[in-house]
Amino acid sequence: MKRFFILLSLGLSVFPLLLAQKSTLTRQGTATQLQVDGQPFLILGGELGNSSATCAADIERIFPKLKRMGLNTVLTPAYWDLTEPIEGVYDFTLTDQVIEQARRNNLRVIFLWFGAWKNSMSCYAPQWFKEDYHKYPRAHTAQGKPLEIASVFSETVFQADNRAFTRWLEHIAEIDKETGTVIMIQIENEIGMLESARDYSAAANKAFQSSVPKALTTYLQKNYRQLHPQMREKWNSLKQRKEGTWQEIFGNDIFTDEIFMAWHYASYVERMAQTARSIYNVPLYVNAAMNSRRRKPGEYPSAGPLAHLIDVWHCAAPSIDLLAPDLYDDGFKNWVAQYHRHNNPLFIPEIRLADNNGVRAFYIFGEHDAMGISPFSIEDGSDAPTTPLVQSYRKLHELIPLLTRHQGKGNMHGLLFDQQDKERILFFDDLTLTCRHNFTLPWDSRATDGSTWPEVGGIILRLAKNEYIVAGNGIVVEFAKTSEKQQETKRQTLGEDGFLQQSSEKTITQQTTHFKGTRCGISSVDEIAVQPNGEFQHIRRLNGDQSHQGRHVRISVGDWKVLHVKLYEYK
Ligand code: DGJ
């Protein structure tokens, strides 16, 4: 109510602000979908480099390129230091330019609020904030060294950050409520403690000695079966205690320090999220730097929205819609699996810009009902139409109506292969699908000449019994009745023409007992384009050499295709 009167006194109409919501999250089966203008939307995104939205000329130069690259969304920082250069004086010029350029280039915007923390540090706080360290205190190490990290235990830090965030959001609500160009907001950036797993300032130490909030132990108790295994183990280590200090409940180690910090960072973010909800109610998320390469809390940003802290974050920050991983290290499949949980949809706001971004995008949409992906420093990528990312985004853009219709229904899988991980077996109905890297066929010289196999991938979508979509790059799929596969004894390698490669080699499936049951064959393989209404437009029929005379469905390495496959049965 108080807020209502403040808005009226500022001459702003409260109702359009509160109603400004062109993007929302909805549920379809097991998937959470982002709806933009009432349509399910997949984010084919890219995040700008940190300093690329600080200059109008750069924004004007970059955004048309992003359009040529096939993005539908740009993730753009909003800088506290440039938004409030003088305390209480705001400048929204850059925000306006981003929104204007996005509209001109048919892009949606996800703003990243670089407020009190950016990669742990407080480098985006304005100078007046940084200098007044009495009023805006710093986190300290155990040795008493002050860090360039604002202390999350300071109410004045929150008030300053939240005030700027409020004014900025009110401005966005004013200029964007009709159009809805801004579809999501990230609060802070890669929050977490570095150098030290926790803050040792006086306020932090006091909080560390106080009792663990009841809300957290109740949450752990209620959600016990679904807790992240690491959290369950930690809570079990002292027999699931429900009352006591952080160390009394979780033990005396650096991981307890991390849980404690996660609770406080998440509680701070929750208050920011509530601010956003009351002004511009779009989906909200936070991003995490990964705890990869065996690093310990404080060696990586301790206490960020990491997979093993997902329960603490969910409990303390219920207004945050999703926790998102920034992926720069190895172990892609493992990280994405950890972030796609029943209560956390997968969105990758940052991934290292690389040639495999396109196949990884296919993989996460097929395997994890993902909401989107966004390579970092996207403006450094090429906009040439032959670039893998550009080709991948072009196909995925086409596929949006089809994929979003099938998300959450259990009839899609993603494929991602390299030289080590080159085969996956899938089961649908009474069929076994053997999916492989296309270089498992020795016919491309790069498969055997010592070249490193590129990462390839795609999507398998079951449309109906005996009807599939196979889409992506560099994959080969064989379909067989599961009963037939069970009768297989040996495999032979066939040449591209279907003839036995060498008579003494491993051979095609050899039947030693009397064959029982039916077989399945390929009735047709059509390369298609998917229309915006989801209908299929026929491009060409692929048969003969292109389907190994009906033995498999394949998309060569370097090709990006959507194939409509129909099967039949025979005895
Ligand atoms: C992750 C951060 O979130 C980005 O802002 C950027 O600093 C990249 N790391 C890498 O440079």
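The values are calculated or read from the model by the stated rules, or taken from the named source; none is laboratory data. If you're wondering where the values come from, they're calculated on a predicted model, not measured in any experiment. Ideal geometry is used to build each Cβ from the backbone, glycine not excepted, and the neighbour counts take in all protein chains shown. In case anyone asks, the SASA skips ligands and DNA or RNA and just uses the protein heavy atoms, side chains included. Shrake-Rupley method; radii C 1.70, N 1.55, O 1.52, S 1.80 Å.
Annotations for the structure displayed:
- Of the trypsin sites (Lys or Arg not before Pro) in region 427-501, the ones in a loop by DSSP (not H, G, I, E or B) with at most 15 other beta carbons within 10 Å are 465, 490, 491.
- Cα-based helix-to-principal-axis angle, 357-368 vs the chain, degrees rounded to 10: 90
- Computed from the C-beta positions of residue 354 and residue 514 and an R0 of 60 Å, the FRET efficiency is 0.70 to the nearest 0.05.
- Residue 248 paired with residue 174, simple spin-label distance in nm, labels 7 Å along Cα-to-beta-carbon: 5.1
- Counting only protein chain heavy atoms and rolling a 1.4 Å probe, the accessible areas of 413, 514 rank, largest first, as 514, 413.
- Accessible area in the full protein assembly, largest first, 1.4 Å probe, for 538, 140, 134: 134, 538, 140
- For the listed residue pairs 409/485; 65/130; 145/222, the alpha carbons are over 30 angstrom apart in 65/130; 145/222.
- Cβ-defined net charge surrounding residue 406, 10 Å radius [Lys, Arg +1; Asp, Glu -1]: +2
- Neighbour net charge for residue 129 - beta-carbon separation under 10 angstrom, K R +1, D E -1: -4
- Helix 93-104 and the longest principal axis of the C-alpha atoms of the chain enclose an angle of approximately 20°.
- Taking all protein chains together, 386, 245 sort by accessible area into 386, 245, largest first [probe 1.4 Å].
- Surface calculation, 1.4 Å probe, protein heavy atoms: residue 133 sits at approximately 130 Å² accessible.
- Full-extension gain in nm, residue 296 to residue 226, via 0.36 nm per residue minus C-alpha separation: 22.8 nm
- Of the GluC sites (Glu not before Pro) in region 127-195, the ones in a loop by DSSP (not H, G, I, E or B) with at most 10 other beta carbons within 10 Å are 178.
- Restricting attention to the chain, close to 65% of DSSP beta bridges with both partner residues there are antiparallel.
- The distance separating the Cα centre of region 263-340 from that of region 187-216 comes to 15 Å.
- Local electrostatic count at residue 142 - Lys and Arg +1, Asp and Glu -1, tallied over other residues with Cβ under 13 Å: -1
- Compared with the alpha-carbon gap, the fully stretched path from residue 419 to residue 482 is longer by 20.1 nm at 0.36 nm per residue.
- In Å², nearest 10: area of residue 277 left accessible to a 1.4 Å probe: 70
- Solvent-accessible surface of the chain, taken per residue with a 1.4 Å probe and all protein chains present: 42 Å².
- Between residue 89 and residue 443, full extension at 0.36 nm per residue minus the direct alpha carbon distance yields a gain of 120.9 nm.
- Mean-position separation - Cα centroids, region 472-489 and region 344-407, in angstrom: 27
- Portion, in percent, of the accessible area of the chain that falls on carbon or sulfur, probe 1.4 Å: 49
- Between 0 and 90°, nearest 10: helix 254-279 axis offset from the chain longest Cα axis: 80
- Taking each of 481/516; 206/296; 214/234; 206/234; 481/561 in turn, the alpha-carbon distance tops 21 angstrom for 206/296; 206/234; 481/561.
- Residue 537/residue 57 FRET efficiency (R0 45 Å; Cβ-Cβ; nearest 0.05): 0.65
- At an R0 of 30 angstrom, the distance between the Cβ atoms of residue 25 and residue 426 translates into a FRET efficiency of 0.55.
- By the Cα gyration tensor, the chain has an equivalent ellipsoid whose semi-axes, rounded to whole angstrom, run 47, 28, 21 from largest to smallest.
- Cβ charges +1 (Lys, Arg) and -1 (Asp, Glu), total dipole of the chain, debye: 1740
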